[in-house]
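Notes for the one structure printed next.
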């Protein structure tokens with residue numbers, strides 16, 4: 001019996017209310033957390049897990065979908081608290097998660113800094129310092145596109161680059177569920193590419209949505225936007241057309 005829980009976490013960031021949706025997958029053997037929020041989010045994760053009857057110490061695996069701060073910021077803290085947790089990520093993301101290469105988001109922020117207006121630079125400097133504060137953590141298992149695991153009724157790794165080169169989504173064939181992470185988001189009830197201005201390769205991001213048409217999806221969980229139940233193929237095609245036509 002598979003059980004999945006959406007950990008809807010509400011918080012304020014830079015004066016704006018935000019919601020993120022990490023996911024917990026459970027079966028009789030494993031409790032798997034997909035993404036773990038910003039730095040210092042352990043208490044928020046704990047509260048959200050407790051609301052769903054789950055203790056953080058029961059987590060056996062943590063899948064990091066990509067190295068943006070809202071997805072892996074609390075990774076090192078979680079690993080320090082619970083060393084038994086197995087950290088899993090796509091092979092292309094591992095050098096950034098482990099701190100062996102500079103974050104691509106940090107590179108992006110630094111490369112655009114000189115083009116900013118004077119009044120924009122203090123905020124950019126704060127963002128750069130924030131990105132530099134990431135504490136690296138070792139990854140225990142590397143995955144790539146098409147890898148399939150028996151955990152929680154079956155998980156298939158779907159490489160969905162664009163937002164980040166090693167971005168992954170997770171397909172759960174038993175329930176026909178896609179955990180999309182940031183491959184797509186839901187904004188005001190509408191699907192979109194996640195932060196197009198922050199997406200490192202928009203063409204790849206659109207191609208990733210095209211790839212998702214190959215999967216039999218009845219529900220999709222977006223890290224930003226939560227759960228959508230229904231036929232996603234028409235909205236995916238509309239999204240592909242929107243950016244291809246542009």
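In the stretch 217-232, is there at least one residue being part of a helix (DSSP H, G or I) and in contact with a helix residue (DSSP H, G or I) (Cβ under 8 Å, 6 or more places away or on another chain)?
At the first step, the residues of the stretch 217-232 found to be part of a helix (DSSP H, G or I) are none.
For the stretch 217-232, residues part of a helix (DSSP H, G or I) and in contact with a helix residue (DSSP H, G or I) (Cβ under 8 Å, 6 or more places away or on another chain): absent.
Do you know which residues across the stretch 1-36 are out of contact with any helix residue (DSSP H, G or I) (no Cβ under 6 Å at 6 or more places or on another chain) and assigned to a loop (DSSP other than H, G, I, E, B)?
Within the stretch 1-36, 1, 8, 14, 15, 21, 22, 28, 29 meet the criteria.
So if I check each of 12, 46, which one is surrounded by 14 or more Cβ atoms within 10 Å (Cβ to Cβ), farther than 22 Å from residue 155 by Cα and free of Cβ contacts under 8 Å to residues at least 12 places away in the same chain?
So the residue among 12, 46 that is surrounded by 14 or more Cβ atoms within 10 Å (Cβ to Cβ), farther than 22 Å from residue 155 by Cα and free of Cβ contacts under 8 Å to residues at least 12 places away in the same chain is 46.
Take residue 235 and tell me if it is crowded, with 20+ Cβ neighbours inside 10 Å, more than 20 Å from residue 151 (Cβ to Cβ), more than 15 Å from the chain's Cα centre (by Cα) and touching a residue at least 40 places away in the same chain (Cβ under 8 Å).
For residue 235, the condition - crowded, with 20+ Cβ neighbours inside 10 Å, more than 20 Å from residue 151 (Cβ to Cβ), more than 15 Å from the chain's Cα centre (by Cα) and touching a residue at least 40 places away in the same chain (Cβ under 8 Å) - is not met.
Computed from the coordinates by the stated procedures, all read-outs in this text should not be read as laboratory data. Note that the coordinates shown come from a computational prediction; the quantities given were computed from them, not determined experimentally. In this analysis, Cβ positions are derived from the backbone assuming ideal geometry, glycine residues included, and neighbour counts consider all displayed protein chains.
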